[in-house]
Amino acid sequence: MDFNTKVIHGGQTHDPSTGAIMTPIYQTSTFAQTSPGVDKGYEYARTANPTRTALENALASIENGTNGLAFASGVAAIDAVVKLLNPGDEIISTNDLYGGTFRLFTKIFQKYGIKFYFIGMTNTSQIEKYINKNTKMIWVETPTNPMLSIIDIKKISKLKNGKNILLVVDNTFATPYLQKPLDLGADIVMHSATKYLGGHSDLVAGALIVKDRSLAKELYFIQNSTGAICGPMDSFLALRGIKTLHLRMQRHCENGRGIAIFLVSHPKVDKVYWPGLQDHPNHDIAIKQMNDFGGMLSFTIKGNKYKDAILVLENLKIFTLAESLGGVESLSGHPASMSHGSIPKKEREKVGVIDSLIRLSVGVESEKDLINDLKQALEFV
Ligand SMILES: Cc1ncc(COP(=O)(O)O)c(C=O)c1O
């Protein structure tokens, strides 16, 4: 099946008890047994629930994996992945990482004896220097947040070939519409399904997809043992969101392009970070590994004044100032005071998060209205 068919039908069957086209919300904690251990495939809803199973099958289908697992949040999915490791094991990760992932790694797992390296990964040769006998995982996010850097997944997968190292890719920003990490050599794909997969800013959920059944078994064991599962209502919403992923992503990309082109030529805008721009430092990798360039972009204002970024954000009318991304509605954010607010100024500036940087999650509204909104807000600078 093509991707556009998979998002609707991949891994789905009509509900066996009623023929319902959409898998119902099985709001139940347990399932009747006719004799001890004799059931209809479900026994207790932490272990499995039919609505979650439908979502997990859809996830596996759209990412070209064998198995999908749905969690209570993106960070719950990340938590399960790190629990594959043991004290003394090492993870090499990007330095331009989602703040919540960084917090989970450094504030929770470091104290259990797992060691982390946070390094720039756009130059893959850097990674080799950190690989040793304890390296068990390479953690990649691409495009990165908020600088929209692109990391070459295929190149990294070749680097770890023949070694006992798992390559994990956080595919939240790109979604399988734009890139399929398992096809590029990754072992595990992770999502904050809260974002583009759900797509409507109405749920918090996480996902893992793998292409190896024994790895899936280990992760199912961790998921069932630690219990951070996606509930039936959120599973239903995520499944419904996935059915329009291709339509939404197409429009996100079109609007992203229109806005990037508008911002590049605006006299008050300094830099625009969008991987579709020819002068983006990793544009060549983006062309190779992505089908289009997405609706996430960041830009800075000439003069780099903190107050100018705030003025623009306060005066946007269609873009809403809020955490999160990937919904149908356009959102704006100020990384220096929001996602990266707890990182010292000097440190955040090293990765490009300067005072005037604004991040946009471009929604699926009219491109003209979004551009006019930015135009009027920039007049306040
Ligand atoms: C790239 C990325 N990964 C992981 C997460 C964590 O996901 P959640 O908020 O669903 O726990 C986020 C959340 O913003 C994210 O942007």
(request) May I ask you to say which residue of 318, 301 is aliphatic (A, V, I, L, M) and closer than 21 Å to residue 351 by Cβ? (result) 301
(request) Enumerate the pairs (first residue in region 42-53 and open to solvent by 50 Å² or more (accessible area, probe 1.4 Å); second residue anywhere and assigned to a helix (DSSP H, G or I)) with beta-carbon separation below 7 Å, excluding pairs fewer than 6 apart on the same chain, so at least 6 apart or on different chains. (result) 42/50; 46/224; 47/224
(request) Considering only region 277-315, state which residues are among the hydroxyl-bearing types (Ser, Thr, Tyr) and touching a residue at least 60 places away in the same chain (Cβ under 8 Å). (result) 298
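To keep it simple, each residue is scored yes or no on (1) hydroxyl-bearing (Ser, Thr, Tyr); (2) at pLDDT 95 or above.
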| position | (1), (2) |
| --- | --- |
| 312 | no, yes |
| 315 | no, yes |
| 320 | yes, yes |
| 323 | no, no |
| 378 | no, yes |
(request) Please indicate, with yes or no, whether at least one residue in region 174-181 is open to solvent by 10 Å² or more (accessible area, probe 1.4 Å), within 11 Å of the ligand (Cβ to nearest atom) and not small (Gly, Ala, Ser). (result) no
(request) Return the only residue of 207, 216 being under 28 Å from residue 289 (Cβ atoms), among the small types (Gly, Ala, Ser) and in contact with a Leu (Cβ under 7 Å, 6 or more places away or on another chain). (result) 207
(message) Here is a list: 247, 239, 263. Which entry is in contact with a Ser or Thr (Cβ under 7 Å, 6 or more places away or on another chain), part of a helix (DSSP H, G or I) and not acidic (Asp, Glu)?
(response) 239
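Yes/no matrix, rows are residues, columns are (1) open to solvent by less than 10 Å² (accessible area, probe 1.4 Å); (2) under 17 Å from residue 308 (Cβ atoms); (3) away from the ligand (no atom under 13 Å from the Cβ); (4) hydroxyl-bearing (Ser, Thr, Tyr):
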{"position": "326", "(1), (2), (3), (4)": "yes, no, no, no"}
{"position": "329", "(1), (2), (3), (4)": "no, no, yes, no"}
{"position": "332", "(1), (2), (3), (4)": "yes, yes, yes, yes"}
{"position": "343", "(1), (2), (3), (4)": "no, no, yes, no"}
{"position": "349", "(1), (2), (3), (4)": "no, yes, yes, no"}
{"position": "353", "(1), (2), (3), (4)": "yes, yes, yes, no"}
{"position": "356", "(1), (2), (3), (4)": "yes, yes, yes, yes"}
{"position": "365", "(1), (2), (3), (4)": "no, no, yes, no"}
{"position": "369", "(1), (2), (3), (4)": "no, no, yes, no"}
(message) From the list 93, 73, 61, exactly one residue is open to solvent by less than 30 Å² (accessible area, probe 1.4 Å) and within 15 Å of residue 229 (Cα to Cα). Which is it?
(response) 73
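The values are calculated or read from the model by the stated rules, or taken from the named source; none is laboratory data. All of these numbers come straight from a predicted model, not from anything done at the bench. For neighbour counting, all protein chains shown are included, and Cβ atoms are generated from backbone atoms with ideal geometry for every residue, glycine included. SASA here: full protein model, heavy atoms, side chains in, ligands and nucleic acids out. Shrake-Rupley method; radii C 1.70, N 1.55, O 1.52, S 1.80 Å.
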